[in-house]
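A short write-up of the structure that comes next.
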Protein chains: 2
Amino acid sequence: MNDLFLRACRGEAVERAPIWIMRQAGRYMAEYRAVREKVDFVTLCKTPELATEVTLQPIDALGVDAAILFSDILVPAEPMGFSLDFRPGPVLDPPVRSAADVERIRIPDPEEMSYVYMAIRMLRRELERRVPLIGFGAAPFTLAAYLVEGQGSKNFDNMKGLMFAEPVTAHALLEKVTTTLEGYLEAQVEAGAQAIQVFDSWAGILSEADYAEFALPYATRLIAKVKKTGVPVIYFALNSAHLLDAIRGCGANVAGIDWRTNLALASRRLDHKFVVQGNLDPCVLLGPKEEITRRAIRVLEAGTKAPGHIFNLGHGILPHTPVENARHLVETVQGAVSATR
Amino acid sequence: MNDLFLRACRGEAVERAPIWIMRQAGRYMAEYRAVREKVDFVTLCKTPELATEVTLQPIDALGVDAAILFSDILVPAEPMGFSLDFRPGPVLDPPVRSAADVERIRIPDPEEMSYVYMAIRMLRRELERRVPLIGFGAAPFTLAAYLVEGQGSKNFDNMKGLMFAEPVTAHALLEKVTTTLEGYLEAQVEAGAQAIQVFDSWAGILSEADYAEFALPYATRLIAKVKKTGVPVIYFALNSAHLLDAIRGCGANVAGIDWRTNLALASRRLDHKFVVQGNLDPCVLLGPKEEITRRAIRVLEAGTKAPGHIFNLGHGILPHTPVENARHLVETVQGAVSATR
């Protein structure tokens, strides 16, 4: 079994940087689109056989060094008492706007999301002697922000409005969300996930002071709980250049860095306390190949300045990316022997 | 005349931090909405009497220390050969996708935007013995990105695709855009604008390396040209925490900082080379008032660590902001005598 990814997560010596790609099972692949023609997104997430099928597609087609469960960070919202729909952006109903709304939120039994663990168990069988499987979930602030907004948002003014006007209510919400995510991610590990990525997709809308009050403590608690299970944790806060000082304290093994910040600089800002993951600009994969090669090598070089490096894009792969360009990236990274450690 | 703002721009001693608000003439004001019920956005920009009227509304209603011309950063696109429409987001047609498209772009005579200068001349008369008038335009990268995308974008993949696949074409486009903006902003100063703000609204989507190649050199050239006229220049790159090291070289008098980065920290990252402008989170103005006061004071305190501070929001005021909260902010800032310099 190719255990490069797991060794890199733990900061162990590796022959080369492992690579996987955020949203590697996705619309840019014809095989994925063929499945999606038959079922909608939520059904795909909830059907273990289909989630398993699309999770495996990029392992076969690209030869990446890790698989990541096909699912969505909003999966826990349904058992918490929200309807979940994609049109195509996520819509959660009813949104949380008051203390009474927070009161009504259920902390679900993790077993209510058993279809996720079933997919994980099927995947572990399929991936035996191949590559490790990553499970994932939202960071508490990000899931809470979705529950309050009811959908994606430009300014997240409802969430911030709640934080600024009713901080006690915001914290009560974050408590419930954190407890839910703890049970959910522990159950993913119990089912067989070999590493967990925590996505703090909206952390970047916060100032460092608000992040330190409303996001970091809950992410840290969640990460600690997952780490107790023994698997490594990747914490990926998008657009977080202004938060790197604070992120030092999150306790994860790996810090995901978006394409904005050079990995060497990010590692320095993080006091070299983390293996770093990233961070090619997803737009580079639109081509041409020579530019992909040139920039991938630049990322690899920057990665050597950190205590460890897992190659990835700096954000999810774009739907109109040519598959052959993704393959070219994987081949480039896997062919480049890093003389790091 | 209240010249606090102009003195602060130049780093001179001021009795207190001046305040103005990005998008202070806007939908949150009933008087503005009343005008907009009669004319569309483009017509409003092109009608000097109406642009003057809405520019003055917040001076009367809030008592801010500076006026900013009511206009739009995309105004120069029309004479460059694009149709411009707001639905409500901007739509530019035809978008630039090739070297031939760049070839077709006109560098307009600045006089083709004479309605802007006419508004500036009217405003200077109206504002006599009141407050200074700020003119503005896009930074070259931001205007170029709009011309390529044809509209707002999440990933700006067309612009980045052009930069990565055809850098020579991207630079040719940026050249033409910069020359256009130079003439446009010089003409604003000639008409009477007493300071110029350059908005690099999309710089934050770039890595520092790409910013250093495709954005900073053109912004720096534009800023130098405007400074030669004798007026101070404010450079505001949204979401630029990862770009602050590079921004040190831009040559502006004032660096606008969004709400993400504490002003004291930002000033340190900028080697204390700039007066800073900002940076209350616009969502704070949704209320309550005690929180507005508390956070405004925190911003004022951080601002004392910079060589000068102009109070502003960290981004445009939100359309559903209560006017009384904006007024409360202005009163708070104007009532707080900073013991800085």
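The values are calculated or read from the model by the stated rules, or taken from the named source; none is laboratory data. Model, not experiment: these values are computed from the prediction. All Cβ positions, glycine included, derive from the backbone under ideal geometry; neighbour counts span all protein chains shown.
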Subject >> Selected residue (only one of A:PHE5, A:PHE70, A:PHE82 is touching a Phe, Trp or Tyr at 6+ places or on another chain (Cβ under 8 Å) and within 25 Å of A:THR142 (Cβ to Cβ)) >> reply: A:PHE5
Subject >> Among the residues listed as A:VAL226, A:VAL276, A:VAL231, the single one being assigned to a loop (DSSP other than H, G, I, E, B), more than 14 Å from chain B (Cβ to nearest Cβ), under 23 Å from A:PRO18 (Cα atoms) and not basic (Lys, Arg) >> reply: A:VAL231
Original post:
Restricting attention to region B:241-256, which residues are within 10 Å of chain A (Cβ to nearest Cβ) and under 18 Å from the mean Cα position of the chain (by Cα)?
Top reply: B:ALA241, B:LEU243, B:LEU244
Original post:
within 30 Å of A:ARG327 (Cα to Cα) and basic (Lys, Arg) - does that describe any residue in region A:96-111?
Top reply: no
**OP:** For region A:268-307, name all the residues that are at positive phi and within 20 Å of the chain's Cα centre (by Cα).
**Re:** A:GLY278
Subject >> Residue count, region B:283-298 (criterion: free of Cβ contacts under 8 Å to residues at least 40 places away in the same chain and buried (at least 24 other Cβ atoms within 10 Å of the Cβ)) >> reply: 2
Original post:
What are the pairs, 6+ residues apart or on separate chains, where a residue within region B:78-89 that is more than 18 Å from B:ALA100 (Cβ to Cβ) has its Cβ under 6 Å from a residue that is of a type in the set (Val, Ile, Thr) and exposed (fewer than 10 other Cβ atoms within 10 Å of the Cβ)?
Top reply: none
Original post:
farther than 20 Å from A:ALA209 by Cβ and either within 10 Å of chain A (Cβ to nearest Cβ) or buried (at least 17 other Cβ atoms within 10 Å of the Cβ) (or both): does that describe B:HIS309?
Top reply: no
Subject >> Qualifying positions in region B:65-101 - among the acidic types (Asp, Glu) and not in a loop (DSSP other than H, G, I, E, B) >> reply: B:ASP85, B:ASP93, B:ASP101
**OP:** All but one of (1) free of Cβ contacts under 8 Å to residues at least 24 places away in the same chain; (2) within 10 Å of chain A (Cβ to nearest Cβ); (3) outside any helix (DSSP H, G or I) hold for B:THR321, so report the exception by its number.
**Re:** (1)
**OP:** Would you be able to tell me the number of residues in region A:106-132 that are in a loop (DSSP other than H, G, I, E, B), among the basic types (Lys, Arg) and within 30 Å of A:GLY81 (Cβ to Cβ)?
**Re:** 1
Original post:
Has region A:38-53 got at least one residue that is among the small types (Gly, Ala, Ser) and surrounded by fewer than 21 Cβ atoms within 10 Å (Cβ to Cβ)?
Top reply: no
Original post:
Any idea which of A:THR293, A:THR220, A:THR229 is modelled with pLDDT of 95 or more, polar (S, T, N, Q) and more than 30 Å from A:THR179 (Cβ to Cβ)?
Top reply: A:THR293
Subject >> Scan of region B:199-216 for residues that are within 12 Å of chain A (Cβ to nearest Cβ) and of a type outside the set (Phe, Trp, Tyr), ordered by number >> reply: B:ALA203, B:GLY204, B:ILE205, B:LEU206, B:SER207, B:GLU208, B:ALA209, B:ASP210, B:ALA212
Original post:
Hey, among the residues in region B:279-303 that are small (Gly, Ala, Ser) and more than 9 Å from chain A (Cβ to nearest Cβ), which one's nearest to A:GLU166 (Cα to Cα)?
Top reply: B:ALA296
